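The values are calculated or read from the model by the stated rules, or taken from the named source; none is laboratory data. Source: prediction; values computed, not measured. Glycine gets a Cβ as well: all are built from the backbone with ideal geometry, and neighbour counts include every protein chain shown. Only protein heavy atoms, including side chains, enter the accessible area calculation; ligands, DNA and RNA are left aside. Shrake-Rupley method; radii C 1.70, N 1.55, O 1.52, S 1.80 Å.
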Amino acid sequence: YRKKGDFKNAIPLAEKLSQEHSDFEWAVREISWTLIQGKIQQFDEKTPLVEVVNTANRILDYEVDFLAKKLTVFRVLKLAKGGDNWEIITEWVNKIDVDSLSATPIKFQSGKEGWSDRCLWYNYKVNALLKNGDFATAKEYSTKASGECFKQKMFFERLHAQALKGLGEIQTAVCLYDKLCSNKRSDWWLLHEYGNLLRVTGDIEKALSTLCKAALSNRNLDMMVKLFSDIASLFSLKQNDQKAYVHLYLEKYIREKQDWPISNSLNTAINKLDGDF
């Protein structure tokens, strides 16, 4: 049933085997792979994470081989990230040893290369550490990842900069962001982060210039709601109320268009400036 993809029959039979022959090695292997292929790999972002975790725990309880364990753990990590559940990611990323994972990039049928399993693990691990405020350990792991994941070096250097910021090493973080954003085609979100970091240093002019560059490098307005809000805030600091008003109104326009919530503070700020023009 499993090899034919007939999970409608395979799963109930696996459940029966689990109850009657849980000490039979061959049965255990078939049960675990049926749960992986018939459930874990079929789960998507609509599946409740509690169901994902419970199923994954059942699989690992069978003391499965490395491949089965890796597929299970990474599926939980992917779905937990989609659900923005970093508590689950923090727990599950530690269920597999990074040194056991391949450093060879995944190859797709198109011929393109993706991330290796090891680099994917580093990405989950460092982001989880940052979310939990463990900046010192995040700095340590991002350094390792930058040295091992050459093609993703920029991504891990950016995470390294965030760890430095969290540790209060602001100027070192600024220098790293400056290096990352030196490319004329730097991603808008990277420029957004850099501009906000420059604001922390008090360099308002450069911060504003960087945020405006970020806005000009992306044509998808819906993605830049927070960016427009940050630009408006900097114009307010410069006492340029007219430009602050324009960017706040642009934020409100996008929110209305997308039927997203509009805070009272945003309406208040717009109404306050509206009377000046």
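Among S32, S263, what's the order by accessible area (1.4 angstrom probe), most exposed first?
Largest accessible area first, the list is S263, S32.
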Considering only N57, W260, N240, whose Cα is most displaced toward the positive end of the charge dipole of the chain, charges sitting on Cβ of Lys, Arg (+1) and Asp, Glu (-1)? N240
Go through K81/K153; K39/K95; K95/K153; K179/K257; K78/K165 and tell me which ones have a Cα-Cα distance over 31 Å in this structure. K179/K257
Which ³J(HN,Hα) values, rounded to whole Hz and listed in residue order, are derived for region 207-221 from phi using the Karplus coefficients 6.51, -1.76 and 1.60 in 6.51 cos²θ - 1.76 cosθ + 1.60 with θ = phi - 60°, glycine and proline given as x? 4, 5, 4, 5, 5, 5, 4, 4, 5, 6, 8, 9, 8, 8, 4
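With every protein chain left in place, what is the accessible area per residue of the chain in square angstrom, probe 1.4 Å?
58
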Tell me, what is the 1.4 Å probe accessible area of S116, in Å² to the nearest 10? 0
Through the Karplus equation 6.51 cos²θ - 1.76 cosθ + 1.60, θ set to phi - 60°, convert the phi angles of region 84-91 into ³J(HN,Hα) values in whole Hz; use x for Gly and Pro. 6, 9, 7, 5, 5, 4, 4, 6
With contacts defined as alpha carbon pairs under 8 Å and 6 or more residues apart, what's the relative contact order of region 9-134 in percent? 17
Calc'd 3J(HN,Hα), region 10-15, phi into Karplus 6.51 cos²θ - 1.76 cosθ + 1.60 (θ = phi - 60°), Hz, glycine/Pro = x, comes to 5, 5, x, 5, 5, 5
Give the range of the longest stretch in the chain that excludes all trypsin sites (Lys or Arg not before Pro) found in loop regions by DSSP and having at most 10 other beta-carbon atoms within 10 Å. 113-183
Correct response: the longest run of the chain lacking exposed GluC sites (Glu not before Pro), defined by DSSP loop and at most 13 other Cβ within 10 Å, is 64-277
Lys, Arg +1 and Asp, Glu -1 on Cβ, resulting dipole of the chain about Cα centre, debye, nearest 20: 840
Quote the relative contact order of the chain in percent (integer), defining contacts as alpha-carbon pairs under 8 Å separated by 6+ residues. 7
Under a 5 Å amide H to amide H cut-off, with H placed in plane at 1.01 Å, what residues pair with W115 once short-range neighbours are removed? I106
For the chain, what Kirkwood radius comes out of the mean inverse Cα-Cα distance, in Å? 22.1
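Regarding region 146-277, what's the average projected area of the Cα-atom convex hull, expressed in nm²?
Across all orientations, region 146-277 yields a mean hull projection of 9.3 nm².
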